[in-house]
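These notes are about the structure you will find just below.
Values quoted throughout were computed directly from the atomic coordinates according to the rules given, and no laboratory measurement underlies them. Note that the structure is predicted; figures quoted are calculated from it, not measured. Every residue, glycine among them, receives a Cβ derived from its backbone with ideal geometry; neighbour counts consider all protein chains shown.
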Amino acid sequence: MREDAIGTAGSAAPDCSRDAWWTSAVVYQVYVRSFADSNADGVGDLPGLLAHLDYLGDLGVDVIWLSPVYRSPQKDNGYDVSDYQDVDPLFGSLEQLDELIHAIHSRGMRLIMDLVVNHTSDEHPWFIESRDRTAKADWYFWRDARPGAAPGAPGSEPNNWGSAFSGPAWEWSPARGQYYLHLFSVGQPDLNWDNPEVREAVFEMMGWWLDRGVDGFRLDVINFISKDPALPDGPVTPTGFGDGMPYFSYGPQIHAYLAEMKHRVFASRPGSYLTVGEMPGVTPEQARHFTDRRRGQLAMVLQFDHVALDHAGDKWTERAITVRDLRDTLARWQDALGEEGWNSLYWSNHDQPRVVSRFGNDRYYWRQSATALATVLHLQRGTPFIYQGEELGMTNVPFAAIGSFRDVETLNYYQDATGRLGQHAAVVLRILRRKSRDNARTPMQWSGEPGAGFTDGEPWIPINPNHRWINATSQTADPDSIYGYYRSLIALRHSDPIVVHGAFAVLDIEPPSLYAFSRQLGEQRLDIYANLSDTPAPVGVVEPELGLDDIVLGNYVSGARREGLLQPWEARVYRRRWPAPMPG
Ligand code: GLC
């Protein structure tokens, strides 16, 4: 185990006790660009969000996670920041953000910012100074070409790592006469966290936001900030590039840097802040270490195991998964973080395809599968995250052609796959319709009108044509809608401490299409049964004292329920005394 030099001693902020406010909270992610457009320029903005806060309040949301709204050239939709202390005019102004924070707080909700500090934009003044060697010369990873290789020529890169967005992870800078490292796009150079000045600048900026009133951060790819200083070649993958993950996904200083962040940014302030670390490739054991309440490095992590299950190798290849795969993966995280750590719970975000299309059946069991999946997620132990539109059952998008996509990862992959890798364009398009991040990024479907109630202008990305029947207007009025069901799930969490604190255990019963588990606290127990398939599931071993009267929540109307049988995608939550009273 790596040494957490600073982390175990001293103050415990962020507050990672089991009673921390965020253990009973529900987080809602707003991807501002696609949420609500107030000025008809086709792009969502802060006033648009402000106008919809009551919608989020009515749903029961406790925390809003705001995707990046900082100044940015928008090469990766704001995950390429050129000024951390200002709002991009595309989204509004700093004054409007202050107003938003105030309005959120006055409704009893909180706001966390997306903090993107593994890398900056290549237009950030730090990078420009570094490139020109006027200052900050080693704030980024600058390296010469491989010895003996021609600088700038393919294959001359300092190591063999591939970027997450296709191509090599190095870009030649003629201005500096060296390569720089970019784990993501060319426009996102990696910051060198081994330089104490970099850490200091980041910590100061974080404090500036906390002092402005934000309640914490979602920390973008935060486990990538410490790299093995030797930057060794990685094992070559089918893309032809090396996999650098072994050298940066859990680097030698990661715990030391997060511990330092805790002390420099959080411990010296009075608040109780939420910190959510996005950590691709993190294992349950590592996550426990990050979220262990005695260390308090992070409140929770966003892990990737369950959303990588349907990848065969990389994200562009598809593998069929079973309910058992999903159950075992989710349950492994429940067990591993147990009493010491804390889980985040999510199906969707701006990087994932829509869950009802991915793990559900958006064609024949749209409402049932969206609500069944929500049931199993929200009733596990941890803090649930909802991605905008998930609560309406928004689906993947029938993108007409490559010209309808906007995402840099998607477009780079298309170019690489149809060019260098020689794949047929129609085949690649089919993959993108299932896998592209743009599936999550089309506008929020507020209404069935043209513009979907999102914009009066030309939307920056096409609107899903199914907004005519999948939209907030039709669902908020209907208690039996997907939105209504999300509301009930959130209300159950807020009213019943079992949902927050109850111990989790898998109920290992047949058939394999069931995900069944219990949550127990004191003498109360919730049993959750969900049939995650299109086929009715006989539930032979539901114990006899559990009857239809004990159901506290279910996604089929009571008249459609059958004893001992779960309908396709049916989910039920039973409440019972435990241990069960003796018969008679
Ligand atoms: C994270 C973000 C993703 C972004 C990447 C680079 O994974 O969620 O949207 O492209 O980091 O910042």
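If the viscosity is 0.692 mPa s and the temperature 37 °C, what Stokes-Einstein diffusion coefficient in µm²/s follows for the range 403-529 when Rh is the Kirkwood radius over Cα pairs?
Once the numbers are plugged in, D ends up at 175 µm²/s.
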Handout entry: Summed side-chain charge close to Asp62 - residues other than Asp62 whose Cβ falls under 12 Å, Lys, Arg +1, Asp, Glu -1
Key = +2
Exercise for the section: Pop a pseudo-label 7 angstrom from the Cα along the beta-carbon direction at both Arg363 and Glu458 and give the gap in nm to one decimal. Expected result: 3.4
Practice task
Describe numerically, in nm with one decimal, the distance between label points set 7 Å from Cα along Cα→Cβ at Asp314 and at Arg575.
Solution key: 5.0
Practice task
Positive end of the charge dipole of the chain (Lys, Arg +1 and Asp, Glu -1 on Cβ, about the Cα centre): tell me which of Ile321, Thr120, Ser166 has its Cα farthest that way.
Solution key: Ile321
Completion exercise
To the nearest 10 degrees, the tilt of helix 196-212 (Cα long axis) against the first principal axis of the alpha carbons of the chain is 50
Completion exercise
In terms of the charge dipole of the chain, which places +1 on Lys and Arg and -1 on Asp and Glu at the beta carbon, the residue among Val63, Phe504, Gly187 farthest towards the positive end is Phe504
Problem - Burial ordering of Thr120, Thr291, fewest other beta-carbon atoms within 10 Å first - result: Thr291, Thr120
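For the range 500-575, what is the relative contact order in percent, using Cα pairs closer than 8 Å and at least 6 residues apart in sequence?
Here the relative contact order equals 31 percent.
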Practice task
Using the number of other C-beta atoms within 10 angstrom as an exposure proxy, rank Asp41, Asp76 with the fewest first.
Solution key: Asp41, Asp76
Practice task
With everything on Cα atoms, drop me the angle between helix 482-495 and the longest principal axis of the chain, reported from 0 to 90° to the nearest 10.
Solution key: 80
Fill in the blank from the handout: Relative contact order as a percentage, the range 105-166, C-alpha pairs under 8 Å and 6+ apart, gives 15
Handout entry: Cα extents of the chain along the three principal axes, largest first (Å)
Key = 83, 56, 48
Practice task
Calculate I(q)/I(0) for the range 500-575 by the Debye formula, one identical point scatterer on each C-alpha and no solvent, and give its log10 at q = 0.25 Å⁻¹ to two decimals.
Solution key: -1.27
Practice task
Using R₀ = 25 Å, calculate the FRET efficiency as 1/(1 + (r/R₀)^6) where r is the Cβ-Cβ separation of Glu340 and Ala267; round to 0.05.
Solution key: 0.80
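So if I place +1 on the C-beta of Lys and Arg and -1 on the C-beta of Asp and Glu, and nothing else carries charge, what would the dipole magnitude of the chain be about its Cα centre? I want it in debye, nearest 20. Kindly include the intermediate steps, with their values, before the conclusion.
Values: 53 positive and 76 negative charges, 205 e Å.
So the dipole magnitude of the chain works out to roughly 980 debye.
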Handout entry: Cβ-based exposure ranking for Ile402, Ile386, Ile490, in which fewest neighbours within 10 Å come first
Key = Ile402, Ile490, Ile386
Handout entry: Dipole magnitude of the range 500-575, debye to nearest 20 (Cβ charges: Lys/Arg +1, Asp/Glu -1, about Cα centre)
Key = 220
Practice task
May I have the extent of the alpha carbons of the range 237-361 along their three principal axes, as whole Å values ordered from largest to smallest?
Solution key: 48, 34, 25
Handout entry: Cβ-based charge dipole, the range 288-378, positive-most Cα from Ala299, Ala312, Gln368
Key = Gln368
Handout entry: R0 of 35 Å, Cβ-Cβ distance Glu449-Ala230: FRET efficiency to nearest 0.05
Key = 0.05
Problem - Nearest-20 debye value, the range 386-487 charge dipole, Cβ charges on Lys, Arg, Asp, Glu - result: 480
Practice task
In nm, give the distance between the simple-model label positions of Ala40 and Arg143, each being 7 Å from the Cα along the Cα-to-Cβ direction.
Solution key: 5.2
